[in-house]
Structures are given as structure tokens and as C-alpha cells.
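Enquirer: Dropping a structure here in C-alpha cells format, bear with me for questions.
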Amino acid sequence: NLSFILQTSFNEMLKAQKQKQICSYIIAPFVAGQLDFCLKHLDVFTPVLLGFNPVHMARSEPMQDCSFHFKDIAEMMAAEQRHKKAFVLNPVLGAEAISGSSRMKGGSATKIILESILLAGHEATFRGKRMTPECISAWITASEMVHETTYSHSDELATLIHQAGESLQMNAHVYYIGWQTLGIIGLTDASECIPTYGADFDDIRGFINNEFIIGHKDFVETILPSLSQNDMMLFLFAVNDDLHEVTALADQVRRRTSNLHAIAHDLEKFTIPVSKNEVFFQQRQRWELSTKWCLNAISTGAHVLKGKVYMNDMIDLRVTNSKLYRRAINILQRFTGCSKSECERALLRAIYSTDDLSEDMTSADVWKHTDAANRRDRVRTRLFIFSIKDYLILIFKRIFTLTKNSR
């Protein structure tokens, strides 16, 4: 969770300077509701909407228990931006490596942007430094160096991708063992694989030092005893972590498997243009970004090798929200050539496990469909294979249409 990582980093920075730890985060699944509340209290809040699409492309479909659409809120934010009461940050990043997988470019850009904004606020408030566009640009540009350094190790990354792919193909597992915020990066990457690639909970898992259930101790007690040579182990740490602890745990793992790898960071790279007191925290943030790029590449490539991606589309995603519901329909359209309405009906037959859709089913809001899909076990398998019958119906309709047109 990027919010949790940012809170942790900046509170540690404040603590080191004997300042009150004022950073906090909220889990806000209903973004539009949060922004709507802030827009109604502009004397207290300055809402900021961060995304990577133009405002006019915001969704205008109904939301559960809500009288407005997300597009309404986005347009209100854009209007208030003219008065500098609210702000919309939506840079164009270009296409993602995997269609719709916004965690790679979008997630990384979010981290870079938020860290730059928070660092500017920190420097201005607690160090009395005057912030200029040049200062912020320098921080953002520093990320380019992280990018260059990270991908200068493409050969090593390719090896890790291949190894992770082999593990998943053999129905084995990939385990991230991380320290401090690098461990959180591992947990985040692992959790994203479930909705993105339809992965099982145990396919790729993360563990972090000193955390309940997901801690190293839990890994040693619950996973290590059954670890096999087919399972891939990936340690995530930096030179200022407890290297004795890293070595001790690595020794335990080696007794079970030689399939052990590491992403380790030192102090020779990623020089940061900030004061000496803050070098440690900024260095850590750059290590986080580098680790994120590495793990995104590894988990994405591994699932490609397992067959979870076809022609740049994620074909085994879970239909857990309206965005993924629409994406599922678009994927069916692309691969069958059938109309949107035909593909949506096929999708609904899969969700409700029936060939005879009722009026209530076809007229329901999208959130009701995704709610029904979420209550079903492994519904995603039916969503894209859905049934031989449905697939043949769509294909034969397409063939009939092409034959009719050719006459």
C-alpha cells in the first residue's frame, strides 16, 4: 500500500528531527465520496485528484448507494482548480506494458509524484526552505537515475523472471522475504497479483520482519518446513538493514532449497539532492522505487510465462469492480469479434451460472454484478472460458455475420 509506505517514510523523517509525526492515511475504497466530502468543506480541505486519464474520460456509470457519478466529481474538481481550491493531477504516461495493468507505470508515477509533493511540504514547513519548480523537478529527475540503474541489470532481472515463471508453471510458489519498507513493497506486489492475474493467495506471497502473520517468524513456522526446490525465494534488503538477520534466515532457507535469490541495495548509487540529514530517508525511497520496478517485472513476466496474458491482455483477471467488469467485456469483444451486448450477456451467464438471464439480472447495476461475482468461488475461470457452449455461440454468430456480409 503506497499510502502506508509514504506514511511510514515521512513519519520516520519527522521522528528523526524530533518533530510530531503528523502523517496518516485512510483506506478509502470510495474515492468519489471522499472527494465529495472535501469539496463541501473547502475551508478545511484542499482535495487533490491524482490519476492518469483526462477528466472527460472519467466514468459516468451508477455507483452503489450514490446519487452522483465519478465524472461529476472529476468535473467539479477541475472547476475548483481554476480557483486553486482543488487540484487535478493527471499526467499522460502512455500505454502500460500489459493492457490495463496500471500498477507498473501508474503506481510508480504515483509514488514519485506523492513523494515529491510531501518532500516539498516537509522542506518548506520544517526547514523553512523556499520551494521552486526547479527543486521539485530535481527530485523527480532523480527518479530517472533510479530507472537507469535498475534496468542496467536487465540480464539479472530476466533470469529472475524466468525462475519465477518456472516456479509458477510447476504449481510451486514465489516468496518475497523483505526488510522494513522493502518488505512492504514485496507485500504490495504479491497482493496485486490476485486481482490482476487471477493468482491464488499462495502463488506469490510476501513476508516482512516483525509483522503479525506476515512476519519472518510466520514464514519460518508455516512455509519453511514444506519449502521445495521448485519454490523460488527472493530476499529484499539494503545495506543498512540487519545483515546478520538476513544471513541467518538465508542459511535456514538454504537447508531446504538452493533456489534462493536477492535484490540488495548499497550506498554507491542513487545520490539524492537533499540535505545530509535526510539522505537516509530519500535513499530508502529510491530503493523502494527500484525494488518496485524489479518485482513488478518479475511477477508480471512470471504470469506471462504461466499463460495468464494473451496478446497483451490479462485473460484471467477477477471481475471485482466496474473497471474490471468493463475490461472483461472488451476482452471478449476483441477475441470473438461479437457485439458488446452479446459479450456482456455471455459474461452475465457466467457470473450467475445460468443460460436463462432474468430481467432483474440484465437490468441490474454493474456493482450488483461484481458483487455476485465476488461471492462466487473462482468465478473468473468461467468468465473467460465461461463455457464451451457460450464460446461456440459467439464464434458461430461471428462466422455467420462474416459469411452473410461476403454475399
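Enquirer: Convert each backbone phi in the stretch 342-354 into a coupling constant with the Karplus relation 6.51 cos²θ - 1.76 cosθ + 1.60 (shift: θ = phi - 60°), then list the ³J(HN,Hα) values in order as whole Hz, x for Gly and Pro.
Expert: Along the stretch 342-354, the couplings run 5, 5, 5, 5, 5, 5, 5, 5, 5, 5, 9, 6, 8 Hz.
Enquirer: Sticking with this one: Just to make sure I understand: if all protein chains stay in place, what is the order of 263, 194, 22 by accessible area at 1.4 Å, largest first? Spell out each step's value before the answer.
Expert: Working: 263 20, 194 45, 22 105 Å².
Solvent-accessible surface, decreasing: 22, 194, 263.
Enquirer: Let me ask something else. State, to one decimal in nm, how far the label point of residue 19 lies from the label point of residue 72, with both points 7 Å from Cα in the Cβ direction.
Expert: Each label point lies 7 Å from its Cα, and together they span 3.9 nm.
Enquirer: Restricting to DSSP H runs of at least four residues, report the calculated mean residue ellipticity at 222 nm for the chain, -39500 (n - 2.57) per run over all residues, nearest 500 deg cm²/dmol. Write out the running numbers ahead of the final one.
Expert: Values: 15 runs with 219 residues, N = 407.
Result for the chain: -17500 deg cm²/dmol, rounded to the nearest 500.
Enquirer: Zone of residue 247 (label point 7 Å along Cα→Cβ, backbone N under 20 Å): which residues in the stretch 176-211?
Expert: Residues 177-180, 209 qualify, since their backbone N sits under 20 Å from the label point.
Enquirer: Between (1) 26.8, 112; (2) 23.7, 80; (3) 54.6, 197, which entry matches Rg and Dmax of the Cα atoms in Å as derived from the coordinates of this structure?
Expert: Computing Rg and Dmax of the Cα atoms in Å and matching it to (1) 26.8, 112; (2) 23.7, 80; (3) 54.6, 197 gives (2).
Enquirer: Follow-up question, since we're still on this one. Taking θ = phi - 60°, what integer Hz values does the Karplus form 6.51 cos²θ - 1.76 cosθ + 1.60 yield along the stretch 218-230, in sequence order, with x for Gly and Pro?
Expert: Whole-Hz 3J(HN,Hα) from phi for the stretch 218-230: 5, 4, 4, 7, 9, 9, 3, x, 9, 4, 10, 5, 7.
Enquirer: Of the candidates 189, 203, 365, which one comes out as most mobile in a Gaussian network treatment of the chain with C-alpha springs shorter than 10 Å?
Expert: Greatest mean-square fluctuation among the candidates belongs to 365.
Enquirer: Turning to a different aspect of this structure: Below 8 Å between Cα atoms, with a sequence gap of 6+, how large is the relative contact order for the chain in percent? The partial results should precede the final answer.
Expert: Details: 502 pairs, mean separation 58.0, N = 407.
Relative contact order here is 14 percent.
Enquirer: Another one. Taking R0 as 60 Å, what's the FRET efficiency between residue 226 and residue 83 from their Cβ-Cβ distance, rounded to 0.05? List each step's numbers first, then the result.
Expert: On the way: r = 60 Å, r/R0 = 1.00.
Result of the calculation: an efficiency of 0.50.
Enquirer: Based on the Cβ-Cβ distance of residue 254 and residue 311, what FRET efficiency does E = 1/(1 + (r/R0)^6) give at R0 = 56 Å, to the nearest 0.05?
Expert: Values: r = 40 Å, r/R0 = 0.72.
In this case the efficiency is close to 0.90.
Enquirer: Most fluctuating residue of 40, 368, 85 in a GNM of the chain with Cα springs under 10 Å: which is it?
Expert: 40
Enquirer: Between residue 240 and residue 92, 0.36 nm times their residue separation minus their Cα-Cα distance comes to what? Provide the component values of the computation, followed by the final result.
Expert: Numbers: separation 148, 0.36 × 148 = 53.28 nm, distance 3.60 nm.
Using 0.36 nm per residue and subtracting the Cα-Cα distance, I get 49.7 nm.
Enquirer: Here is a follow-up. Please calculate how many Å² of accessible area the stretch 143-308 carries per residue, with a 1.4 Å probe and no DNA, RNA or ligand atoms counted.
Expert: Details: 7260 Å² over 166 residues.
Averaged over the residues of the stretch 143-308, the accessible area is 44 Å².
Enquirer: Using θ = phi - 60° and the Karplus relation 6.51 cos²θ - 1.76 cosθ + 1.60, list the HN-Hα couplings for the stretch 287-300 in order, rounded to whole Hz, with x at every Gly or Pro.
Expert: Taking θ as phi minus 60°, the curve returns 4, 4, 5, 4, 4, 4, 4, 4, 5, 4, 5, 5, 5, 5 Hz for the stretch 287-300.
Enquirer: Related question: Starting from the Cα of residue 376, step 7 Å along the direction of its Cβ; do the same at residue 60; then give the gap between the two resulting points in nm.
Expert: It works out to 3.0 nm between the two label points.
Enquirer: Can you send over the carbon and sulfur percentage of the accessible area for the stretch 20-141, probe radius 1.4 Å, protein chains only?
Expert: Working: 4340 of 7410 Å².
Of all accessible area on the stretch 20-141, carbon and sulfur atoms account for 59 percent.
Enquirer: Work out the length of the dipole vector of the stretch 169-257 about its Cα centre, built from +1 on the beta-carbon of each Lys and Arg and -1 on the beta-carbon of each Asp and Glu, and round it to the nearest 20 debye.
Expert: Values: 5 positive and 13 negative charges, 53 e Å.
It comes to approximately 260 debye.
Enquirer: What does the extension gain come out to for residue 359 and residue 124, with contour length at 0.36 nm per residue minus their alpha carbon separation?
Expert: On the way: separation 235, 0.36 × 235 = 84.60 nm, distance 5.87 nm.
Extra length from residue 359 to residue 124 when fully extended: 78.7 nm.
Enquirer: Right, here's the next one. Placing +1 on the Cβ of each Lys and Arg and -1 on the Cβ of each Asp and Glu in the chain, which of 324, 45, 366 has its Cα farthest towards the positive end of the resulting dipole?
Expert: Of the candidates, 366 comes out farthest on the positive side.
Enquirer: Taking the Cα centre of the chain as the origin and placing charges on Cβ (Lys, Arg +1; Asp, Glu -1), which of 70, 300, 158 is farthest toward the positive end of the dipole?
Expert: Highest projection toward the positive end goes to 70.
Enquirer: Let me know the charge dipole size of the chain about its Cα centre in debye, to the nearest 20, where only the beta-carbon of Lys, Arg (+1) and Asp, Glu (-1) is charged. Working shown, then result.
Expert: On the way: 46 positive and 46 negative charges, 195 e Å.
It works out to roughly 940 debye.
The values are calculated or read from the model by the stated rules, or taken from the named source; none is laboratory data. Bear in mind that the values here come from a model prediction, so they are computed numbers and not experimental data. Neighbour counts are summed over all protein chains in view; Cβ atoms, including those assigned to glycine, are modelled from backbone coordinates with ideal geometry. Accessible surface areas use protein heavy atoms only, side chains included; no ligands, DNA or RNA. Shrake-Rupley method; radii C 1.70, N 1.55, O 1.52, S 1.80 Å.
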